[in-house]
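Novice: Could you have a look at this structure, given as C-alpha cells, before my questions?
Rule-based calculations on the coordinates, nothing more; no lab input. Worth saying up front: this structure is predicted, and the values here are computed from it rather than measured. Cβ sites come from the backbone with ideal geometry, for glycine too, and all protein chains shown count toward neighbours.
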Amino acid sequence: MSELSPLPSASLPSGVRARFIDGINGLKMHVLEAGFQAEGRPMVLLLHGFPEIAYSWRKVMPALAEAGFHVVAPDQRGYGRTTGWSASYDTDLNPFRLLNLVRDMMGLIAALGRTSVTAVVGHDFGASAAAWCALVRPDLFRSLVLMSAPFGGPPALTPSATLPTDPVHAALAALDRPRKHYQWYYSTRPANEEMWHCRQGVHAFLRAYYHHKSADWALNKPFRLASWSAGELAKMPTYYIMDNGLDMAATVAAEMPSPAEIAACGWLTEDELKVYSGEYVRTGFQGGLQWYRSRTGGVGLGDLQVFAGKSIDVPSLFIAGRSDWGIYQTPGAIERMQGTGCSAMRGVHLIEGAGHWVQQEKAAEVNALLLRFLETVRG
C-alpha cells in the first residue's frame, strides 16, 4: 500500500497548506495551516466534528490568516489522513476518551513550538474536545469558541464512575412510533458498515446527511425541549431520534435533496463534497464513531468527574445556526453553559439561515463574529 500524501493543494483555498506532523501522542497528524508564512503570529486551533475533517474549516482559515493569525486545523484522532489509531470495533476505547483528545492537542501545540494558543475553536463533537481543552488547561488554551454544541459543564461526582442504564432508551423504543437515539445507534457494531457500504454510496449518504441537518431542510425549526424524556426527545428530527427499524443511511436517504437543490447548494458544492466522500470511502466512519462509543460507554468518566463543579473561566463565545437542533438536543445544556459552565461567556449568537454546519453555511457571518472576539483576546 502506497504511503498516504497530504490533502492535495488543488482541493484547498489559496494560502492553505496540508502537511503531516509525526510523533503526537502516538499519531501522525494531518493538519491544514494558514498564516504560517510569518513567525510569531498568535495561533488559533480549529477542531472539527462528525462526520467531518479539518477541511470543514476551509471557509474560515483564510479570513483568520488575513487578520494576522496562524491557523491550524487537524484531522483529529479517528479521522481523515491522521494515522496511529485503530478502526476496529473491538479496540481499546481509552485513546478516544476526552482527556486523551486534550492530550492530542497539547502534543500538537508543543510540536508547533508553541507554549499556548490564543483560542481553541470547536464545532459539533469538536466543541466538546475544545471545551475540555479550555477547562483542563486554561494556561495553554487561552480562549474558547464553541459552535453548535453547548458545554453544560463537567459530569457530577457520583458514588460510581460507571454510567447507569438510562431508562430513556427503553421508553423511546416503547413509543407508538418506536425510536432510538442516534448516539447510541452510532455506538453499535453495525453502524459503520451500514454507512460505509450503504446502498446509495458514501457520497450520496453524506449529501443527504449534510442537507438534512442544514437550514436548506425546511423542517429544521428547533425549540427548547422540556426534559430528557422519550416524549420530548421524539420531537426532534430523525437524524437525532431515529426510527427504530432504520439505520442512518436509510434515515437520511428519505431526505435526499433534488438535483436542483444540490446544484444550488453554494456552501457545499459537489467538488467540495467529493473531498469528504473521498476520505470516508477510504477510511470508513469507525474512527469518528469511537468518540460516540467512548461517550455512551462512560469511558474515562471517572477522570472527568475529577472536575465536577469546575467552570471554564477563559473568555468564551458560542455560535450556532438558528436552524440547528444541536443547540437543544441536550435539554438545559445551553442554559447551564451560560449559567455555570462558562464563567466568562462573551456572547451567544444564533445565525439566521444556518443549520448545523454553521461555519460552512454562513462563513462570512461566522468569520465576522470570530474576528471580533479574537481581537479582544489576542496576545
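Novice: If you keep only loop residues by DSSP, which trypsin sites (Lys or Arg not before Pro) in region 218-283 have at most 12 other Cβ atoms within 10 Å of their Cβ?
Specialist: For trypsin sites (Lys or Arg not before Pro) across region 218-283 that sit outside H, G, I, E and B with at most 12 neighbouring Cβ atoms in 10 Å, the list reads Arg224.
Novice: Please work out how many pairs of lysine residues in the chain are eight or more positions apart (or on different chains) and have Cα atoms closer than 19 angstrom.
Specialist: 11
Novice: If you put +1 on each Lys and Arg Cβ and -1 on each Asp and Glu Cβ, how big is the dipole of the chain around its Cα centre, in Debye rounded to 20?
Specialist: Dipole magnitude for the chain comes out near 520 debye.
Novice: Calculate for the chain the 222 nm mean residue ellipticity that helices alone would give, adding -39,500 (n - 2.57) per DSSP H run of length 4 or more and normalising by residue count, nearest 500 deg cm²/dmol.
Specialist: That calculation yields -9000 deg cm²/dmol at 222 nm.
Novice: Given 25 °C and 0.890 mPa s, how large is the Stokes-Einstein diffusion coefficient of region 1-139 in µm²/s, with Rh as the Kirkwood radius over Cα pairs?
Specialist: 162 µm²/s
Novice: Please express the shape of region 291-379 as an equivalent ellipsoid: the semi-axes are the square roots of 5 times the eigenvalues of the C-alpha gyration tensor, given largest first in whole angstrom.
Specialist: The three semi-axes for region 291-379 are 25, 19, 12 Å.
Novice: Counting only the backbone N, which residues of region 298-335 are under 17 Å from the spot 7 Å out from the Cα of Leu350 toward its beta-carbon?
Specialist: 318-335
Novice: Now, a different point. Pairwise over distinct Cα atoms, reciprocal of the mean inverse distance: report the Kirkwood radius of region 180-241 in Å, one decimal place.
Specialist: 13.3 Å
Novice: Can I ask one more? Sorted from largest down, give the three principal axis spans of the alpha carbons of region 105-201, whole angstrom values.
Specialist: Largest to smallest, the principal-axis extents are 54, 43, 22 Å.
Novice: Continuing with this model, one more query. May I ask you to work out the translational diffusion coefficient for the chain at 10 °C, viscosity 1.306 mPa s, via Stokes-Einstein with Rh from the Kirkwood sum over Cα pairs, reported in whole µm²/s?
Specialist: 76 µm²/s
Novice: Need the full-extension length gain, Ser116 to Glu3, defined as separation in residues times 0.36 nm minus the C-alpha distance. One decimal, nm.
Specialist: Going from the current span to full extension adds 37.5 nm.
Novice: Also, I was wondering about something else. From the mean inverse distance of alpha carbon pairs (Kirkwood) and the Cα radius of gyration, derive Rg over Rh for region 5-57.
Specialist: 0.96
Novice: Still on this structure: Which residues does a label at Glu261 reach in region 305-320, if reach means a backbone N under 14 Å from a point 7 Å past the Cα toward the Cβ?
Specialist: none
Novice: Something else: Could you pull out every residue, at least 5 positions away or on a different chain, whose amide H is within less than 5 Å of the one on His356? Hs are placed 1.01 Å off N in the peptide plane, and Pro or chain starts have none.
Specialist: Ser214, Ala215
Novice: Starting from the Kirkwood radius over alpha-carbon pairs of region 168-290, derive D by Stokes-Einstein at 20 °C in a medium of 1.002 mPa s and give it in µm² s⁻¹.
Specialist: D = 139 µm²/s.
Novice: Multiplying the sequence separation of Arg224 and Arg199 by 0.36 nm and subtracting their Cα-Cα distance, what value in nm do you get?
Specialist: Extra length available between Arg224 and Arg199 comes to 5.5 nm.
Novice: Among Val31, Val136, Val72, which one shows the highest mean-square fluctuation when the chain is modelled as a Gaussian network with alpha-carbon springs under 10 Å?
Specialist: Val136
Novice: Cα atoms only: what Rg and Dmax, in Å, come out for region 338-379?
Specialist: Answer for region 338-379, Rg first and Dmax second: 12.0, 33 Å.
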